[in-house]
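The values are calculated or read from the model by the stated rules, or taken from the named source; none is laboratory data. Since we're looking at a predicted model, the values are computed, not measured. Neighbour counts are summed over all protein chains in view; Cβ atoms, including those assigned to glycine, are modelled from backbone coordinates with ideal geometry. Keep in mind that these areas ignore ligands, DNA and RNA; they rest on the heavy atoms of the full protein, side chains included. Shrake-Rupley method; radii C 1.70, N 1.55, O 1.52, S 1.80 Å.
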Amino acid sequence: MMEQRMRSGSCTRQQGITYVAVLILIAILGLVTASIGVVWSTVRQQEREEELILIGEQYIQAIGLYYQHSPGTVKRYPMTLQDLLKDDRFMVPQHHLRKLFTDPMTRKQEWGLVRAEDGGIAGVYSLSEAKPRKTGEFDEAMAGFTQAKRYADWRFTYRPPVTTAPSPLPAA
């Protein structure tokens, strides 16, 4: 009888050790899963930032083409983003963009608009209030992004080239 009690005590002890080992294994798996989630989230945010920059550059280019190809001497900005899809100012409509892009940060079609002096659209920006991860190594045109506190501060704006007036000819 004594021998039977010892066996049942040792069996209970082994079950307790197995239970603790399983709990430790579950905790380790939970930590590994959490750290993978953090890494994946960081990588995904970096990818969306890169996508936002690429889309912003495409909007700058399209707005620039619209502005530069304005008929006549007065240059104009597009009044709507739709004008970049189909520019009806010509006999044959021009297409400066193939489609309107979704903001990768908010995942919505809606963009903030930077208005020009004539009321047209000089640029776009994300409506996201999230804090950017990228804070440096921007192109010269986007140097102002380094101080941005949120994605909405990343303004993708077309700036026309500065033209200088021709210098007068010297008097003879």
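A few notes on this one:
- Dividing the mean sequence gap of close Cα pairs (under 8 Å, 6+ apart) by how many residues the range 12-111 holds gives a relative contact order of 20 percent.
- Charge context of Ser70, other residues only, Cβ under 12 angstrom, K/R +1, D/E -1: 0
- Among Gly56, Gly72, Gly119, the residue with the largest mean-square fluctuation in a Gaussian network model of the chain, with springs joining Cα atoms closer than 10 Å, is Gly72.
- Restricting attention to the chain, lysine pairs at least eight places apart or on different chains and with alpha-carbon atoms under 20 angstrom apart total 6.
- Solvent-accessible surface of the chain, averaged per residue with a 1.4 angstrom probe and all protein chains in place: 73 square angstrom.
- The alpha-carbon atoms of the range 15-157, seen along their principal axes, cover 87, 31, 20 angstrom, with the largest extent given first.
- For the range 71-172: relative contact order, % (alpha-carbon pairs under 8 angstrom, 6 or more apart): 20
- The share of C-alpha pairs in the range 98-170 whose separation exceeds 15 Å stands at 65 percent.
- Solvent-accessible area, 1.4 Å probe, carbon plus sulfur percent, for the chain: 59
- Approximating the spin labels as points 7 Å out from Cα along Cα→Cβ, the Gln15-to-Glu50 distance works out to 5.4 nm.
- The H on the amide N of Ala122, modeled in the peptide plane, is under 5 Å from the matching H of Val114, Arg115, Ala116, each at least 5 residues off or on a different chain.
- Helix-only mean residue ellipticity at 222 nm for the chain, each DSSP H run of n ≥ 4 adding -39500 (n - 2.57), per residue, nearest 500: -15000 deg cm²/dmol
- Length available on full extension from Leu23 to Met91: 0.36 nm per residue minus the Cα-Cα distance, which gives 17.1 nm.
- Nitroxide proxy distance, nm - points 7 Å out along Cα→Cβ at Ala141 and Ile36: 4.0
- Efficiency of FRET from Cβ geometry, Arg107 and Val74, R₀ 45 Å, rounded to 0.05: 0.75
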